[in-house]
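To start, the structure itself, in structure tokens.
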């Protein structure tokens, strides 16, 4: 345990309050009627901030070797690549499609 | 030959591992990286399907944001109890270790209960895996697939933490207990991290 105890434990409660506050802000930004692009950008930025806090402090990535950090970042790079690959497909669709078959909602009793 | 191997090891030490305290930790990180690609693919596909649909419902009009915000808060709380269990192992406070691990497991079970309630409510409202009364049918498919996949991870995490709790209760080696709890904690925090993304992309955006 000597190696694991080598770093000082972060203030976990402070991280908890930050995460709770960011969650409240996330919910708050969807209701005032901001433009969709603004809401989307804010929500993604808030989610990334929360995920970074969890990874750095709860998962102790901040105290690990840099190489392990690269291992952890690999999925992010692959995910970004995936989005870039899918973008041309979405642009190729002339107009968005709508479902022709819908399921009826059950009648209320 | 054994002597030669020992001499060799002394002359040329093994390569320094990325996680010096345990190979298991590196193994868990590699597993989580792979799992993250799985979730990333699901969320990427969700984005692509949604972007090409003209009648995708507004998720926060149809899905219960208040309940899922509470579920998010619950997972964050369970992440805190998990790190508190690790702190307790360092202090040698065994009753606190068990208490915090139990609280983490309870958090996971509560989360699953809330998800079951949410699913039941949505299914009785007409949302199906292959159908959706409010627009694009893939809304239901992607919703159940992504939240279900995450729910399976939470279920796995609850079972995993229960095994760790049993081991920690039985074994009195603080170093070993710290190692297995830290590795299980990595998995649990990952489940929390993924939910943060699912909450944003599936429920709020």
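For this structure, a couple of remarks:
- Check on residue B:136, surrounded by 18 or more Cβ atoms within 10 Å (Cβ to Cβ) and touching a strand residue (DSSP E or B) at 6+ places or on another chain (Cβ under 6 Å): yes
- Put simply, of B:113, B:140, B:135 the only residue that is at the interface with chain A (Cβ under 9 Å from one of its Cβ atoms), assigned to a helix (DSSP H, G or I) and more than 21 Å from residue B:35 (Cβ to Cβ) is B:140.
- Those residues of region B:21-75 which are more than 14 Å from the chain's Cα centre (by Cα), farther than 15 Å from residue B:142 by Cβ, more than 8 Å from chain A (Cβ to nearest Cβ) and surrounded by fewer than 18 Cβ atoms within 10 Å (Cβ to Cβ), in sequence order: B:23, B:24, B:27, B:61, B:64, B:66, B:67, B:70
- Restricting region A:49-77 to residues that are farther than 24 Å from residue B:22 by Cα and at the interface with chain B (Cβ under 9 Å from one of its Cβ atoms), the residue that is surrounded by the most Cβ atoms within 10 Å (Cβ to Cβ) is A:50.
- No other residue among A:39, A:54, A:71 is under 22 Å from the mean Cα position of the chain (by Cα), within 22 Å of residue B:59 (Cα to Cα) and at pLDDT 80 or above apart from A:39.
- Any hit, region B:80-93, residues being within 22 Å of residue B:185 (Cβ to Cβ) and away from chain A (no Cβ under 13 Å): yes
- Pick from region B:149-191, criterion out of contact with any helix residue (DSSP H, G or I) (no Cβ under 7 Å at 6 or more places or on another chain) and within 14 Å of chain A (Cβ to nearest Cβ), ranking: surrounded by the most Cβ atoms within 10 Å (Cβ to Cβ): B:176
- Residue A:19 closer than 21 Å to residue B:204 by Cα, surrounded by 14 or more Cβ atoms within 10 Å (Cβ to Cβ), modelled with pLDDT of 90 or more and more than 7 Å from chain B (Cβ to nearest Cβ): no
The values are calculated or read from the model by the stated rules, or taken from the named source; none is laboratory data. This one's a predicted model, so the numbers in the text were calculated from it and none came from an experiment. Quick reminder, even Gly has a Cβ in these numbers, built from the backbone with ideal geometry, and neighbours come from all protein chains shown.
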